[in-house]
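To start, the structure under review is shown below, and the notes come after it.
What follows draws every value from the coordinates through simple rules; no lab data is involved. Since the model is a prediction, treat every value here as computed from it, not as a measurement. As a convention, Cβ positions derive from the backbone with ideal geometry for all residues, glycine included, and neighbour counts pool all protein chains shown.
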Amino acid sequence: MELLLKNGFVFDPINEINGERMDIAIRNGKIVESVSESKAKKIDVTGLTVMPGGVDIHTHIAGGEVNTGRLLRPEDHVKDVVRKTAITRSGVGYSIPSTFTTGYRYSRMGYTTVMNPSMAPLGAKHTHEELNDIPMLDKATFPLIGDWWFVLENLRKGDLEGCARHVAWMMNTTKGYAIKIVNPGGLESWGFGRNVHSIDDQVPNFGITPREIVQGLAKVNKMLNLPHTIHLHTNNLGLPGNYATTLDTMKALENMSTDGKPVCHITHLQFSSFGGEDWGTMKSAAEEISNYINNHSHMTFDMGQVIFTDTTTMTADGPFEFTLYQLSGHKWVNSDVETETSGGIIPFHYKKKNAVNAIQWSTALELALLIKDPWKMFMTTDHPNGGPFMSYPKIIAWLTSRKARMALLKKCHKKAQKKSLLPTIKRELSLYELAIVTRAGQAKSLGLTSKGHLGLGADADVSVYNLNPETTDIAQNPKIVRRAFADAAYTIKDGNVLVQNGKIVQTVSGKTMWLDVNTTEQLEVDDDMKSRFKEYWTVEYDNYPVYDHYVKVSDPIIIKADV
Amino acid sequence: MTVVKSEVVKSVTCPVCGCLCDDIELTIEEGKVTEVRNGCAMCESKFLNYISEHRVKTPLIRKDGKMVPVSYKEAIHKSAEILANANYPILYGWSSTDCEAQRVGVELAEEIGGVLDNTAVVCHGPSILGVQEAGIPTSTLGQIRHRADVIVYWGCDPWSAHPRHLERYTAFTDGRFEDSEWMSYINKVKASVGKKKFAAVKKRSLKCETEPEAISDNKPPETLNKEGRKLIVVDVRESMTGKVADYFVQVKPNKDFEILQAIRALVKDEDLDVEEVGGVPVEYLKEVVDTLINCQFGVIFFGMGLTQSAGKFRNIEIAISLVRDLNARTKFVIMPMRGHFNVTGANTVFTWQSGYPYAIDFSLGYPQYNPGETSVVDILLRKESDASLIIASDPASNFPKKAIEHMTKTPLIVIDPHMNVTSMVGDVVFPSTIVGLEKAGTAYRMDHVPLPLKKVVEPPEGLLSDEEILTRILEEVRVIKSQRMKGAN
Ligand code: SF4
Ligand SMILES: [Zn+2]
């Protein structure tokens, strides 16, 4: 199958292509130098914007927690129902869409790859079964292991190599892609209803601190040569004054980077950038945080943008969700998982007229605009925590148009308006920068070498938008921008046209990427796990792994570890 | 001499109750299960007694009032015709089959614009409604095993209905932070009466063939009333589990709501100016509440004694609210004791594909959910459905008579490994393989932990699985519909 996209404005930052008019040639699902003009299927994209397929580094779309969110919120579904068509399945949408709908909606926006960042290892089969039912996209999922007893015990013993081998075992066993750490130490503490409050607090019963967990796993990540860094949700997330903890965390990792490459990704940074002492004095700490980031390059980040709407918060950070429950009195789900992690869910309505919510909205944009290097800071809502992923076109408009964001700021709570840094920020992202924060930067941070760009040999994942950068001033036309990014002119995945003018024209399964990490002494680790398994879990060793048949289209990535 | 080939399969998941014990060991000789280790009596009988002369080996179709054996092909075509021609078919059951079949079930229901419902509607439907109102603070069972020092069973009797629940997950097990007093007691017994007797006693007691007193020949073990894990049982009558509890709270029938209200008030340090609530002296309740508040980690398991007593989902809502309140003072979780081994899986699969756990109406081309209206019992009572597909359950034995009357008046397709009351009145009856024994698959434990089901023996020759039967019906429905489209053009 050959395909030729003719004469588009191409934005491919990894290959430093900035809006050049050029053709993109595709053969057998890959980008190639050229195809035969006569044989290839040709699509005229003259006057349109062409980018690599969108990549989302952090979106909760599958697994036990997400599904409990779906179960919890029939009222969320009734306002957004999706009809069956000849080629697509029915479902429900809004903040926690059903699986099929999730795939279709991402595809419509030109996304082709997404990361499910939160998987309880014990429920890994469930996560994979749901990923199988999310069509249109390539996917991967991160096991939650920051509070896994084996990690805590090995790090406590100072046995980094042992820790690394056990982490490798977990990555292989759950078919995961990256090390996810949530409120390190806090989740184990939450097992008995407690929490940790600084990176040097002791975790009860384990004699270890969050600092030691994060540093230890950052080292482990390196020893294992994993493509992404550790993926971290910081301590004290969502609490006033937590920016100090975030700074402490970033400083604790400063010396870890020896080769100039990032060693950690702090996710949904907005939720970790609160100033003030309490909810009354809560304010943005975007200035302090971005200052630090602009002077250091050992980390990457994503926004965690808040959207003014009714959404569903869900995180492995059980104690944080409990705080939200105490603040809101809403229906509350807690879901702790033996020896591994915790979790919680609370429906949440972010309102413009609520000072705290409006400050959060502003903070995320301040961060994204004050952090100078777009390769460090990516666009997310931490779907659905800050808002549904369907809101991305809005965020794109705010990032690229001062006019758009100022218009919304004017409708926000007075206090938020007064405190906001947005009036002082002139920066408007170009389409080139936008391509970085929505695909190229994310792919690079994830170590996905064949994604996020349109160079030779890259996966033929391409999105085309109804936007002419020569005739449309994007800063002045946020509505046009929003419309363009809501409904891609074309979404092409592995060389197949899946979407045309925002309509699904073909469905595909998409594959699940996972790491097959090879270490020495793998058999010893297996034996160790086998002999201790019953002490830790209530299921049998043999029934724990995600066997191959649980992954519909499997894409293992073989990693050679240093241990 | 003939050599009998025997093979032991380990880590088998038991496809009987929501405990989903996955440590069963089966001895297979000549393609049959001959010995079951680690399982309870219910498990043993599932694995040992599955071969019966009542097992039908071919599909049956009712012709002139008589059930006639036919090929799968004919039965599948007939079923597809029934479903493709129906305006408002119902697809009910699902709790005793695997997630793989359930997935196809959703697609089939969507394709024919039917109503998809599962047995939760007659047992833990109220629990789901309660969760949708109030949320649910919960955890996996291992968390309870490792940490819980107070365990409450409300309106359920695990000793009889989930026989290994206590032994594997709660009061009688050891965890990282909690030793089982029961274990030390058993060890004492072991030392004094000898290994043999102990083994016999344990076997008997855990299979619930006899009353638990048999273990000690006198009173419940004293150690249980002292240090360590506390077991509290709330029920309308003294169940087997109630007999070994540290506290047994006997409620008058249908007074659960009042008692929960009273406990909530006491937890919030409010005074009650009555001496008795729902048949329980307030002084006794206060003692229980002290235990709840002063624990490190507590759990309430609730069963149909709570979901089906007066108040139904209001009971669950208030039980959940109680646990929310308790979390202000300590760590507390709550969990429904789901019955069928994969009822949780049905709700899980339905939810990820459609957004809703049960009672899902696809008649408008998208999922709609309104239990009480879109639940099949209500639809049958309103006489609205015009065809039924029943799978892995036996509604004819537990639905209201009026509902069954309507169901039998319309075409009825039944898929089940065994003949049951519903298949007796079916129009098309499919025998299928037994999931977790003759077919591999996946099921979800009551705490939502997914577990693989194994295929340990070959099914009778030619028999198809639930998943295969449904898949072929779905394909055939699509063929019929596309032919019809062509015909119309
Ligand atoms: S308790 Fe339930 S799952 Fe466990 S062996 Fe008995 S019947 Fe099977
Ligand atoms: Zn997240």
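Some points to look at:
- Using alpha-carbon coordinates, inclination of helix B:125-134 to the longest axis of chain B, degrees: 60
- The fraction of Cα-Cα pairs per 20 angstrom bin, counted from 0 for region A:54-446, comes to 30, 62, 8 percent, rounded to whole percents.
- Relative to the Cα centre, the charge distribution of region A:54-446, modelled as +1 at Lys and Arg Cβ and -1 at Asp and Glu Cβ, gives a dipole magnitude of about 1780 debye.
- Around the amide H of B:Y153, modelled in the peptide plane, lie the amide H atoms of B:I232, B:V233, B:V234, B:F301, all under 5 Å away and 5 or more residues distant in sequence or on another chain.
- Whole-Hz ³J(HN,Hα) from phi, Karplus 6.51 cos²θ - 1.76 cosθ + 1.60, for region B:149-165, glycine and proline x: 10, 10, 10, 10, 10, 10, x, 8, 10, x, 3, 9, 9, 9, x, 9, 4
- Residues in region A:450-472 that a label on A:R21 would reach, taking backbone N under 19 Å of a point 7 Å out along Cα→Cβ: A:464-472
- Relative exposure of B:R329, B:R145, B:R168, A:R427, judged by other C-beta atoms within 10 Å (fewest first): A:R427, B:R329, B:R168, B:R145
- Taking other Cβ atoms within 10 Å as a rough exposure proxy, A:S272, B:S482 sort from fewest to most as B:S482, A:S272.
- Restricting region A:455-563 to GluC sites (Glu not before Pro) in coil, as DSSP defines it, with at most 12 other Cβ within 10 Å: A:E470
- Exposure proxy for A:D133, A:D555: other Cβ atoms within 10 Å of each Cβ, ordered fewest to most, give A:D555, A:D133.
- Across peptide A:336-342, the mean count of Cβ atoms from other chains lying within 10 Å of each residue's own Cβ comes to 6.
- In plain terms, chain B is cut at each of the GluC sites (Glu not before Pro) found in a DSSP loop with at most 13 other Cβ atoms within 10 Å, and the longest leftover piece is B:54-208.
- D (Stokes-Einstein, µm²/s), Kirkwood Cα radius, chain B, 1.567 mPa s at 4 °C: 54
- Mean separation of Cα contacts under 8 Å, 6 or more apart, over the residue count of chain A: relative contact order %: 21
- Rounded to the nearest 10 degrees, the inclination of helix B:72-85 to the longest alpha-carbon principal axis of chain B is 90 degrees.
- Its relative contact order, with pairs defined as Cα atoms under 8 Å and 6+ residues apart, puts region A:432-563 at 18 percent.
- Which listed pairs, of A:K84/A:K552; A:K39/A:K493; A:K353/A:K394, have C-alpha distances above 27 Å, in listed order: none
- Residues whose amide H falls under 5 Å from that of A:Y111, counting only those 5 or more places apart or on a different chain, are A:G54, with hydrogens built in the peptide plane.
- Dimensions of region A:170-322 from C-alpha coordinates, computed as largest minus smallest value along each principal axis and given longest first, are 44, 39, 31 Å.
- Inter-chain neighbour count for B:344-351: the average number of beta-carbon atoms from partner chains within 10 Å of each residue's beta-carbon is 4.
- Here is the P(r) of region A:72-191: all C-alpha pair distances, binned every 5 Å from 0, give 2, 10, 16, 17, 16, 12, 10, 7, 5, 3, 1, 0 in whole percents.
- Helix axis angle, B:466-488 relative to chain B longest principal axis, alpha carbon, degrees: 40
- Test item: Cα-centred dipole of region A:278-383, Lys/Arg +1 and Asp/Glu -1 on Cβ, debye: 520
- Distance cut-off 58 Å, percentage of C-alpha pairs in the protein assembly as shown lying past it: 12
- Relative contact order of chain B, pairs being alpha-carbon contacts under 8 Å that are 6 or more residues apart, as %: 24
- Listed by number, the DSSP H helices of chain A that run 18 Å or longer by alpha-carbon position along their axis and have mean Kyte hydropathy of at least 0.0 are A:160-174, A:355-370.
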